[in-house]
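In what follows, a structure is listed as structure tokens, so that the remarks can point back to it.
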Amino acid sequence: MKQILPPGVSAEAFAEALNAFRTIVGSEFVYTGESLVSYSDPYGITTEEGAHAASAAIAPASTEQVQEIVRAANRHGVPLWPVSCGRNLGYGGASPRMSGTIVLDLKRMNRILDVSEEDGYALVEPGVSYFDLYNHIQAKGYKLWLDVPDPGWGSVMGNALDHGVGYTPYGDHFAMQCGMEVVLPNGELMRTGMGAMPGSSTWQLFKYGFGPYVDGMFSQSNFGVVTKMGIWLMPEPPGYRPYMISFQREDDLEQVVDILRPLKVGSVIQNGATIRSLLLSAAVNSTRSQYTSKPGPLPDSTLKKIMAEKELGMWNIYGALYGPPPVMDALWGAIRDAFSKVPGAKFYFQEDRKDPRDLFHVRANTMKGVPSLSEFGFVNWSGGGGHIGFSPVSAIRGKEAMKQYTLVRDRLHEYGFDYLSIFAIGWRELHHVVELLFDRNDPVIKRKAEEVFRVLVHEAAAAGYGEYRTHLSFMDEIAATYGWNDHALLKFHQTIKDALDPKGILAPGKSGIWPSRYRRS
Amino acid sequence: MRDGVWTRRDLLSVGVGAAGACAAVTAGAAAQNPLAHGLATWTFYDPRFADSERLAAALPGAGQLHPVGSDPTPLLGLVDLERGLSAPILLQGVTTEVVPFCLEHSVDRHHRLEGCSRRVDGDLFAWSLIVHPRPSAA
């Protein structure tokens, strides 16, 4: 494997830096050469040669080692890219934004430092996965539930810091974060919120502390390396009842979203419920070739066949009720009455879905915080297993959901891709997460996928819909769409970046924020 | 999935049919690394596809076959790959790509891998993966 270097760093300086890192963590935890294949992006979509290639990787075991590494990086002028479990697949995985960056792999920092059943929180290091925390809670017998994304092998901390979402009432992961410990770009260690008060017992209980609330500065950013993070956990409820509602027509989406809004804003729908498209629902346990060998958009006859075979609608809500049975009954009454206004709506509880492989059983587990890899099934839909998320946000309005849906569907079909998506309902917003599936072994298809992704970014932005999260290859473009008042927000980020990290050693290019040494006009 | 033992060009140049692809893939992995002989072996197939079980059974050293459909979650419990590995093991199968993908990515930053893969048809891949334990990352 050809050795690449960080831009502007000589081979000699790079070698000296690696030797410094070996002194800190031991030679066996500094990776070069063939080992770096582990840090390549398995879903890389860009056709740019050598994009997002790491020059080396280092795996520290402690916060103290992270501090020493950061100080050494400053002395030697080499950039670092922190990753936690490195499984932000679909958004770049463990790869760096800028080729030549050294990956700071925090996988060895995998301790669950504290879990409080009484107060409902955990304090974790970056390398703790959802499976790790779930297994720990089960082993200890705590009456606590996680909130998990799809899939569950990612980092609890990493997902929250990237604004990931889940499907219980605690589904806004960053909103559930409470208190951080951060290594700043100069190697200094800082704690946020109540953690800044020595002896405080409320670090994981009260988010804001005193003064400016800075925790958000370390999400989707390159202002520091988070080495500890508190996360709130849901007490196990006295009752749990997942439900599914299917809607038969494509156009039902508008009415469904308008019905859903007051239910969600009024907390009748308690969790991160989702509206899932037919094909994303079917794809979890089927492949396209089982229905057709022809390219192009699936005809209505095939869609109807899938609907009949899988007992799915064109749109399918997966939600859940939590609480004492009388509460769940009351909430269900309101939900059912509301959605009964949609002609043809069908209502299911788990016992109504007889096939053990039915997606509803997967969602039922996810909505109670059980991590899995089940949703990976959908990446096999068209063969070749690649996927990337296109994720614009809108208000919870039926017309806007339809507008986004038709825009995206038509563009994907134009470029030869199927439309598979989930509308994830947040506190006040709709995340339209579109799974663009492609054959990662086919360069022609990858080129088309990259092209249609860029088209969608710009068309969505022109309509006022911004992405909430994106792949490394598109971070600059997405950052540019947040350009109100001559890109005031980006300039603000860059001012902070220059102040905190004058040598530009931490995650250059993350979220479009470049340190001055690498900044283009 | 990355190619470890054979390059992708080597695989494509073989140009054999499905059964031949499987034999070539695993024979290649086994022949290149003598440690593959006698390794603890797990062989997977996907019961949704008629050819999968037959082709998986024909893989060298197949032994007991493990069904895995669309959901790769059970793979994580089969062998504690992420950290608890003391000797090399051989994983192989004829499945959709998500199976070797999830196996590979559950361990690739903890252990050293040698793997190869060959597409059988639009849905199925014939693949093998030798996992060599690295020093403990803890």
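Of note:
- Taking label positions 7 Å along the Cα-Cβ direction at both residue A:10 and residue A:48, the computed distance is 2.7 nm, reported to one decimal.
- Each of residue A:357 and residue A:491 was given a label point 7 Å from its Cα along the Cα-to-Cβ line. The distance between the two points is 5.7 nm.
- Spatially proximal lysines relative to residue A:143 (Cα-Cα < 16 Å; intrachain offsets below 8 disregarded): A:368
- Residue A:119 versus residue A:334: modelled label distance in nm, points set 7 Å from Cα along the beta carbon direction: 3.1 nm
- Distance violations [Cα-Cα > 21 Å] among A:310/A:354; A:294/A:403; A:305/A:354: A:294/A:403
- Legend: Rg and Dmax of the range A:4-63, from Cα coordinates, 13.0, 37 Å.
- Residues residue A:135 and residue A:175, FRET efficiency given R0 of 30 Å [Cβ-Cβ distance, rounded to 0.05]: 0.75
- Lys, Arg +1 and Asp, Glu -1 on Cβ, resulting dipole of chain A about Cα centre, debye, nearest 20: 280 debye
- Total lysine pairs whose alpha carbons fall under 24 Å of each other in the range A:417-521 (8 or more apart, or interchain): 4
- Trypsin sites (Lys or Arg not before Pro) restricted to DSSP loop in the range A:161-257 with at most 14 other C-beta within 10 Å: A:249
- Summing Cβ point charges (Lys, Arg +1; Asp, Glu -1) relative to the Cα centre of the range A:175-326 gives a dipole of roughly 240 debye.
- The range A:451-519, Cα convex hull volume normalised per residue, Å³: 87 Å³
- Dipole-positive endmost among A:47, A:116, A:151 within the range A:43-168 (Cβ charges, Cα centre): A:47
- The calculated FRET efficiency for the pair residue A:188 and residue A:213, based on their C-beta separation and a Förster distance of 25 Å, comes to about 0.80.
- Evaluating 6.51 cos²θ - 1.76 cosθ + 1.60 at θ = phi - 60° for every residue in the range A:260-268, the Karplus couplings come out as 5, 4, x, 5, 6, 4, x, 6, 6 Hz, glycine and proline recorded as x.
- Given +1 at the Cβ of Lys and Arg, -1 at the Cβ of Asp and Glu and no other charges, the dipole of the range A:174-257 around its Cα centre is 400 debye to the nearest 20.
- Loop-located chymotrypsin sites (Phe, Trp or Tyr not before Pro) in the range A:302-347 (DSSP state not H, G, I, E or B) with no more than 12 neighbouring Cβ atoms inside 10 Å do not occur.
- Shielding score for B:115-124, defined as the mean number of other chain Cβ atoms within 10 Å: 3
- Shielding by partners, peptide A:373-386 (average Cβ within 10 angstrom, other chains): 6
- Considering only A:472, A:180, A:281, the residue lying farthest towards the positive end of the dipole of the protein assembly as shown is A:472, judged by Cα position with unit charges set on Cβ.
- Residues in the range A:426-447 reached by a label modelled at residue A:458 [backbone nitrogen below 19 Å; 7 Å Cα→Cβ]: A:447
- Rh by Kirkwood over Cα pairs, then Stokes-Einstein D for the protein assembly as shown at 1.567 mPa s and 4 °C, µm²/s: 50 µm²/s
- Under the combined filter of DSSP loop state and at most 10 neighbouring Cβ atoms within 10 Å, the range A:1-71 retains these trypsin sites (Lys or Arg not before Pro): A:2.
Coordinate-derived values only; no laboratory data. Note that the coordinates shown come from a computational prediction; the quantities given were computed from them, not determined experimentally. Please note: Cβ atoms are built from the backbone with ideal geometry, for glycine as well, and neighbour counts cover all protein chains shown.
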